[in-house]
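Asker: Quick one: structure below, then a few questions.
The values are calculated or read from the model by the stated rules, or taken from the named source; none is laboratory data. It should be emphasised that the depicted structure is a prediction, and the values quoted were computed from it without experimental measurement. Please note: Cβ atoms are built from the backbone with ideal geometry, for glycine as well, and neighbour counts cover all protein chains shown. All accessible areas refer to the heavy atoms of the entire protein, side chains included, with ligands and DNA or RNA removed. Shrake-Rupley method; radii C 1.70, N 1.55, O 1.52, S 1.80 Å.
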Amino acid sequence: MIPLMLPAVSDAEKPFVTRLSKNRTDSPWESWCIESSESQSVFSGENGLFQIVGPGIQDLDGDIVIVTPAAGNAERIIRAGSTQNSLLVTERCDQLCVMCSQPPKKTHHDRFGLFVQACLLADNGITIGITGGEPTLYKQEVFQLLETVLKARPDLKFHVLTNGQHFETSDISQLRQELFRKVVWGIPLYSNDAAEHDEIVAKTGAYERLHQSFDTLLLSGAKIELRTVVLQTNLNSFPALARHIAGLLHFIEQWSVMQLENIGFARNRWDSLYVDFRKSFNPIAQSLDVASLFGIPTKLFNVPLCHLPEFHRNFAVNSISDWKQRFGEKCLMCSKKETCSGFFEWHPAEMLDEVSPL
Ligand code: SF4
């Protein structure tokens, strides 16, 4: 696993954003390495000297970090060469999903100013994720971040993960701006059955409110990636959900069907939530076929290729970020390892070898 939060020592008075460089630079936004070993690097820049403990400069070169002196850490907020960088803008949320991978907290630290600076330094053309908690609890701040960055950096794109509970018709004129065509909203819908969806997200009325937001987003010309995590509780609803999407939500960019992560709330509920696709794939297969029939672009996320019937393997994408991806020992013998998602770092160790090399 690639560490994203590193111990750091700095005398700066407040948190700052900088890009790490192995070469001396005149940019006020970059800090150059003046000393490095395998276990620590010392940098110099506008905010004085600071030390980062952990990987050497060869691994950190080009990373954009937020250094927080009071906390004694440096957060690799946008890693050089990585296609999977996300800004966790808040840990608050107004849902309590049964399988939440990042259980919400009540407190919020506003770091939008730092996030904007980090985005403005990003490599050309990358997509930056915005996640939480629920980002749209701070909707105007999120909109402002997107507008500020995309006006200055039209080469960038954003993917915002949101529960879709807070879009209003009054947002339509703002969202219709051309720069919002660079934004994809990743929105979970867990069932076509309102009660089932509401139970999974632990919020009465969430399904109805979500569909109001879909209307708003449709009228805004917004790009939507619909996301559905497979659970024992919604498995049998998948074919009906696929028909619901084909009938009402066919304007979406993509439907992402996702395997469960063994982290957060799901860790203690694994036995009652996890669906082993090797044993129970029929409802998913039916839903993929319905989606295909109606031209809904559909992908399977976080599923090892060998857990799928051959006919449906082409729906799977290598979706697990490099910093949290893991394979079993038997995978070394597999010819499909390069294109396989493998497992999350936190997948139960005893299940890592439940694979069949292809
Ligand atoms: S054996 Fe490993 S690499 Fe091959 S398909 Fe299965 S999980 Fe993926």
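Asker: Of all beta bridges DSSP finds with both residues in the chain, what is the antiparallel percent, to the nearest 5?
Answerer: Antiparallel: roughly 45 percent of the beta bridges in the chain.
Asker: Roughly how much of Tyr207 is accessible, in Å² to the nearest 10, using a 1.4 Å probe?
Answerer: For Tyr207, solvent-accessible area is about 20 Å².
Asker: When only Cα pairs under 8 Å and 6 or more residues apart are kept, what is the percent relative contact order across the chain?
Answerer: Reported as a whole number, the value is 12 percent.
Asker: Go ahead and set up a Gaussian network model of the chain, Cα springs under 10 Å, then flag whichever of Glu199, Glu147, Glu310 fluctuates most.
Answerer: Sorting by GNM fluctuation, first place goes to Glu310.
Asker: What size of dipole, in debye to the nearest 20, comes out for segment 1-77 about its Cα centre when the only charges are +1 on Lys and Arg C-beta atoms and -1 on Asp and Glu C-beta atoms?
Answerer: Magnitude of the dipole: close to 80 debye.
Asker: Moving on to the next point. Please give the helix 282-293 orientation as an angle from the longest Cα principal axis of the chain, in degrees from 0 to 90, rounded to the nearest 10.
Answerer: Once rounded, the angle reads 80 degrees.
Asker: Next question. Of Lys105/Lys182; Lys299/Lys337; Lys203/Lys223, which ones are farther than 20 Å apart at the Cα?
Answerer: As for pairs spanning more than 20 Å Cα to Cα, those are Lys105/Lys182; Lys203/Lys223.
Asker: Could you state the principal axis extents of the C-alpha atoms in segment 258-358, from the largest down, to the nearest angstrom?
Answerer: Computed over the Cα atoms, the extents are 38, 33, 25 Å.
Asker: Hey, another quick one. How large a share of the accessible area of segment 210-335, in percent, is made up of carbon and sulfur atoms when the probe is 1.4 Å and the other protein chains stay in place?
Answerer: Percent of accessible area from carbon and sulfur atoms in segment 210-335: 50.
Asker: Now, a different point. Which one, Gly125, Leu226, Ser101, is farthest towards the positive end of the dipole of the chain when Lys and Arg carry +1 and Asp and Glu -1 on their Cβ?
Answerer: Leu226
Asker: In straight Cα distance, which aspartates and glutamates are under 18 Å from Lys330, not counting same-chain residues fewer than 8 positions off?
Answerer: Output for Lys330: Glu338, Glu345, Glu350, Asp353, Glu354.
Asker: Whole number in Å², please: accessible area per residue of the chain, 1.4 Å probe, ligands, DNA and RNA not counted.
Answerer: Per residue, the chain has 46 Å² of solvent-accessible surface.
Asker: Taking Cα atoms of segment 156-275, Rg/Rh with Kirkwood Rh, to two decimals?
Answerer: With Rh from the inverse mean 1/r over Cα pairs, Rg/Rh is 0.98.
Asker: Under a Cβ-only charge scheme (Lys and Arg +1, Asp and Glu -1), can you give me the dipole magnitude of the chain about the Cα centre, in debye to the nearest 20?
Answerer: Approximately 440 debye in magnitude.
Asker: For Trp32, Trp185, what's the largest-to-smallest order of accessible area, 1.4 Å probe?
Answerer: Heavy-atom accessible area, descending, gives Trp32, Trp185.
Asker: Which of the peptides 70-82, 296-308, 37-49 is most tightly packed, and how do the rest follow, judged by the mean count of other Cβ atoms within 10 Å per residue?
Answerer: Going from most to least packed, we get 296-308, 70-82, 37-49.
Asker: If you don't mind, there's one more thing I want to ask. From the protein chains alone at 1.4 Å, what is the descending order of accessible area for Leu114, Leu96, Leu231, largest first?
Answerer: Sorted descending by solvent-accessible area, the residues read Leu96, Leu114, Leu231.
Asker: Still on this structure: Projected area of the chain, taken from the Cα convex hull and averaged over every viewing direction, in nm²?
Answerer: 18.5 nm²
Asker: Continuing with the same structure: Based on alpha-carbon centroids, what's the gap between segment 286-341 and segment 4-75 in Å, whole number please?
Answerer: So the separation of the two Cα centres works out to 37 Å.
Asker: Computed from the mean reciprocal separation of all distinct C-alpha pairs, what Kirkwood hydrodynamic radius does segment 1-77 have, in Å?
Answerer: 11.9 Å
Asker: Can you give the accessible area of Lys324 in Å² (nearest 10), computed on protein heavy atoms with a 1.4 Å probe?
Answerer: Ignoring ligands and nucleic acids, Lys324 comes out at about 40 Å².
Asker: Given a 1.4 Å probe and the protein chains all in place, what does the accessible area of Lys330 round to, in Å² to the nearest 10?
Answerer: Lys330 exposes around 80 Å² with every protein chain in place.
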